[in-house]
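Encoded as structure tokens, the structure appears first; notes follow it.
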Amino acid sequence: MKHILQILSLLIATSAWSDPLVIDVRTVKEYKAGHHDGTINVPHKEIATAIATLADNKDQPIYLHCRSGNRSGVAKKTLDALGYSQVVNIGSYKDAGKWMAENLEQQE
């Protein structure tokens, strides 16, 4: 039993059970005008300085989106360069809504 608890503790501490972050990298103004529930707003120009407060585990799943997918692509490159290993650009705002409906509800 003790061994099982140690394994569970290890899994919880790793990305295997880390809650994914869904980050909307649009501007604050765009985010306030409308956003998907459960997302966090970090404008793409601020992602490098803000990410450490949101994800101290560099293996935590991070999903990025913006209006068209361009800024989230820039943010992904930034996070990749910082050593984050599970960063995915899920694309546009519309794509993010579909992706969240298909993927996040399955995890609940």
Please go through region 78-89 and give me each residue that is surrounded by fewer than 19 Cβ atoms within 10 Å (Cβ to Cβ) and in a strand (DSSP E or B), ordered by number. Val88
Of all residues in region 71-93, count the ones that are of a type in the set (Gly, Ala, Ser) and closer than 22 Å to Glu30 by Cα. 5
When residues of region 28-77 are filtered for being in contact (Cβ under 8 Å) with a residue 24 or more places away in the chain, surrounded by 19 or more Cβ atoms within 10 Å (Cβ to Cβ) and basic (Lys, Arg), how many remain? 1
Members of region 17-27 that are assigned to a loop (DSSP other than H, G, I, E, B) and surrounded by 13 or more Cβ atoms within 10 Å (Cβ to Cβ): Ser18, Pro20, Val25, Arg26, Thr27
Only one of (1) modelled with pLDDT of 95 or more; (2) over 12 Å from the mean Cα position of the chain (by Cα) does not apply to Leu8, and that is (1)
Somewhere in region 60-70, is a residue more than 17 Å from Lys29 (Cβ to Cβ), of a type in the set (Val, Ile, Thr) and more than 11 Å from the chain's Cα centre (by Cα)? no
So which residues in region 78-108 are in contact (Cβ under 8 Å) with a residue 12 or more places away in the chain and among the acidic types (Asp, Glu)? Asp95
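The values are calculated or read from the model by the stated rules, or taken from the named source; none is laboratory data. Remember, predicted model here, so these are calculated numbers, not experimental data. We place every Cβ from the backbone using ideal geometry, glycine too, and count neighbours over all the protein chains shown.
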